[in-house]
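None of the figures in this text is laboratory data; all of them are computed from the coordinates on show. For clarity, every value in this text was computed on a predicted model and none was experimentally measured. We place every Cβ from the backbone using ideal geometry, glycine too, and count neighbours over all the protein chains shown.
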């Protein structure tokens, strides 16, 4: 795993987390847990958070990531926040559709669309 697996930045009052790993499928469980802890820490520090999780670099991920997304959604909601996901690779989007997670996660094609959705 890279030293920095995420990049945290802001746009107005929205926090954007860029996932910098290309292949989360091959990450060891320890590395995946560290990635999850990093993301969860941002949610706790910035609660209530308007959060965009940007997957533009990610080409592959394991089903463990799906569980992490569900837990993250729950954590964000518990902290009165909002979670949106963007720039999902088509094969990953298909996985979200097959598992019906696209019905509980707000998925946008690009960052601008996700940002704009906070205005409406």
Sort all Cα-Cα distances of segment 43-98 into consecutive 5 angstrom bins from zero, then give the percent of pairs in each bin up to the one containing the longest distance.
5, 18, 28, 23, 16, 9, 1
Normalised by the number of residues in the chain, what is the relative contact order in percent for Cα pairs under 8 Å and 6+ residues apart?
24
Rounded to 5, percent antiparallel among DSSP beta bridges of segment 6-117:
30
Inter-probe distance in nm under a simple model that places probes 7 Å from Cα toward Cβ, at residue 38 and residue 82:
2.6
So what are the three principal axis dimensions of segment 6-117 from its Cα atoms, in whole Å, longest to shortest?
33, 28, 22
